[in-house]
Amino acid sequence: MNNRLTLGIETSCDETAAAIYSSSAGVLSSNIYSQREHAKYGGVVPEQSSRSHIEKINSIVQGALDQANVNLDDIDTVAVTNKPGLSGSLLVGLSFAKAIAYAKNKKLVGVNHLEGHLFSPFLENPNIPFPHIALTVSGGHTSIYLVTGMGQYQTLGTTMDDAAGEAFDKIARMLGFDYPGGPDIERLAKQAGFVDYFNYPRPHSKTLDFSFSGLKTAVMYDMVKRGMYDMQSKKLLPGTDPKLIEQVASSLLVCITDLFATKLKTALKAYPEVQAITFAGGVACNKYITKVLKAFCTKRGRSFFVPSRKYCTDNAAMIAYVGNFKAEQGKFDSIDLDIFV
Ligand code: KG4
Ligand code: ZN
């Protein structure tokens, strides 16, 4: 097949997204609706999320088709995120994808959301060398992989508890900010000059696994000690000096960036043949982290790849991309495909 067109659908969390990927021309469209209604709850409310997906999915998919100037008959493959994620949310996307595949007699491919993030750097840089090390960090996952080919990778380490994005979100909430808190942490840290004021503890583990819940607790106790936070009401104390808030954010960002660099150093020691490092997922929107990791790679003679912002956060272009190469490898799924949470 000369030009394969893949429709990607993503509804695993709080983005309803659809995209069209062409094997010869790349991303033709990437349409996203981000659910804003969870901001005040401090995290995604699953039932609300499924309801929002069911409301939006038709117009988001139609929008992706229209922007790409194609219709359902032109599509070869329907790729859909079927794991991991919120079950009710995944079911909306999967059922919609199945309906299209069944009605239009198209091939169906289930895509692992994490594989989507893992291969998202290829959307803009198709020639990233193998093997490479990939660090994918978002609100739901923090993992480090050795990637040896398209769809071929080995998990070297993952988080034992919270994801790094979750740590940003939870600490931002303690500082009085809405979900998602990562962008606020970056903004506040910038105001404080990206300086490590409070030297939060770095775990000493020599493995490639991550742990962030201890850091979250350490920051909370430190905030109590500094008279900023009330553990009973779980609220920032009124009248807290805004400078102190910025200093917490700055120390947190420097600490988490340090942890990433330490893990990458360990990974490069174990796999010295690796010539490139990729960084993806929502947290890869963070300009400070990417700047530090880029310098880390330059210093060690490795290339560094990070997707642009629109492909870091949840999107369907990455799902269509993975679906497309799985289709090229003949890895299709049956209409009985289920979700895995
Ligand atoms: O990939 P994503 O959109 O959704 C998941 O699959 O989780 O990632 C969302 C996460 C949130 O935790 C959010 O706070 C974080 O990415 N994030 C950031 C930044 N922008 C988004 N974290 C740190 N700095 C940022 N600039
Ligand atoms: Zn994600």
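The values are calculated or read from the model by the stated rules, or taken from the named source; none is laboratory data. All figures in this text were calculated on a predicted structure; none of them were measured in a lab. Here the Cβ is made from the backbone with ideal geometry for all residues, glycine too, and neighbour counts use every protein chain on show. Side chains included, ligands, DNA and RNA excluded: accessible areas come from the protein's heavy atoms. Shrake-Rupley method; radii C 1.70, N 1.55, O 1.52, S 1.80 Å.
How big is the C-alpha Rg of region 129-306 next to the rule-of-thumb value 2.2 N^0.38 Å, as a ratio?
Compactness ratio reported: 1.05.
Give, rounded to the nearest 20 debye, the magnitude of the charge dipole that region 227-270 has about its Cα centre when Lys and Arg contribute +1 at Cβ and Asp and Glu contribute -1 at Cβ. It would help to have the intermediate numbers written out before the result.
Values: 6 positive and 4 negative charges, 57 e Å.
Here region 227-270 has a charge dipole of around 280 debye.
If you take the charge dipole of the chain about its Cα centre, with +1 on Lys and Arg Cβ and -1 on Asp and Glu Cβ, which of G42, M220, L94 is farthest toward its positive end?
Ranked along the dipole, the leading option is M220.
Using +1 at the Cβ of each Lys and Arg and -1 at the Cβ of each Asp and Glu in region 129-306, identify which of F194, G176, Y229 lies farthest towards the dipole's positive end.
Towards the positive end, the residue furthest out is F194.
Any idea which of P272, I319, I60 is furthest toward the positive side of the dipole for the chain, if Lys and Arg beta-carbons carry +1 and Asp and Glu beta-carbons -1?
P272
Using the Cα centre as the reference, give the magnitude of the dipole from point charges on the C-beta atoms of region 4-117 (Lys, Arg: +1; Asp, Glu: -1; all else neutral), rounded to the nearest 20 debye. Walk me through the numbers on the way to the answer.
Details: 10 positive and 11 negative charges, 39 e Å.
It comes to approximately 180 debye.
Relative to the present Cα-Cα distance, how much length would full extension add between D178 and T158 at 0.36 nm per residue of separation?
4.6 nm
Under the classification rounded if a/c is under 1.5, otherwise prolate if a/b is larger than b/c and oblate if not, where does region 188-250 fall, given a ≥ b ≥ c as square roots of the Cα gyration tensor eigenvalues?
oblate
For helix 287-299, report the angle its Cα long axis makes with the longest principal axis of the Cα atoms of the chain; keep it between 0 and 90° and round to the nearest 10°.
Value to nearest ten degrees: 90.
Given the pairs K107/K331; K40/K170; K265/K326, which span a C-alpha to C-alpha distance of over 20 angstrom in this model?
K265/K326
Tell me the per residue accessible area of the chain using a 1.4 Å probe; a whole number in Å² is fine. Each step should come with its number before you reach the end.
On the way: 14890 Å² over 341 residues.
Here the per-residue accessible area is 44 Å².
Distance between Cα centroids, region 200-235 to region 50-129: provide it in whole Å.
What the calculation gives is 37 Å, centre to centre.
Calculated from DSSP H runs of 4 or more alone, at -39500 (n - 2.57) each and per residue, what is the 222 nm mean residue ellipticity of the chain, nearest 500?
It comes out at -13000 deg cm²/dmol, rounded to the nearest 500.
From largest to smallest, what semi-axes in whole angstrom does region 86-206 give when each is the square root of 5 times an eigenvalue of its alpha carbon gyration tensor?
Its equivalent ellipsoid spans semi-axes of 33, 21, 14 Å.
Contour minus end-to-end for E124 and S233, with contour as 0.36 nm per residue of separation and end-to-end as the Cα-Cα distance?
34.7 nm is the gain from fully extending E124 to S233.
With equal scatterers on the alpha carbons only and no solvent term, can you work out the Debye log10 of I(q)/I(0) for the chain at 0.06, 0.08, 0.12 1/Å?
Cα-only, vacuum Debye calculation for the chain: -0.22, -0.39, -0.85.
Taking all pairs of different Cα atoms in region 1-92, averaging 1/r and flipping that mean, what Kirkwood radius in angstroms comes out?
Taking the inverse mean of 1/r over all distinct Cα pairs, region 1-92 comes out at 13.6 Å.
Enumerate the calculated ³J(HN,Hα) couplings along region 218-229 in order (Karplus 6.51 cos²θ - 1.76 cosθ + 1.60, θ = phi - 60°), each rounded to whole Hz, writing x wherever the residue is Gly or Pro.
Computed from phi, the couplings for region 218-229 are 4, 5, 4, 5, 5, 5, 5, 4, 7, x, 9, 9 Hz.
Near K299, which aspartates and glutamates are there with a Cα under 17 Å away, not counting those fewer than 8 places off in the same chain?
Within the straight-line limit of under 17 Å, K299 reaches these aspartates and glutamates: D258, E273.
Restricting to region 70-150, compute how many DSSP beta bridges are antiparallel as a %, nearest 5.
Here the antiparallel bridges make up roughly 50 percent for region 70-150.
Run the accessible area of the chain with a 1.4 Å probe and give the carbon-and-sulfur part as a rounded percent.
Answer for the chain: carbon and sulfur cover 51 percent of the accessible area.
Charges at C-beta only: +1 for Lys and Arg, -1 for Asp and Glu. How large is the resulting dipole of the chain about its Cα centre, in Debye rounded to 20?
About 960 debye.
What fraction of the DSSP beta bridges in the chain is antiparallel, stated in percent and rounded to the nearest 5?
Once the DSSP bridges in the chain are tallied, antiparallel ones form about 60 percent.
How big is the shadow of the Cα convex hull of region 247-325, averaged over all directions, in nm²?
Orientation-averaged projected area of the Cα hull: 6.2 nm².
Which aspartates and glutamates, if any, have their Cα less than 16 Å from the Cα of K235, not counting same-chain residues under 8 positions apart?
Filter leaves D169, D178, D222.
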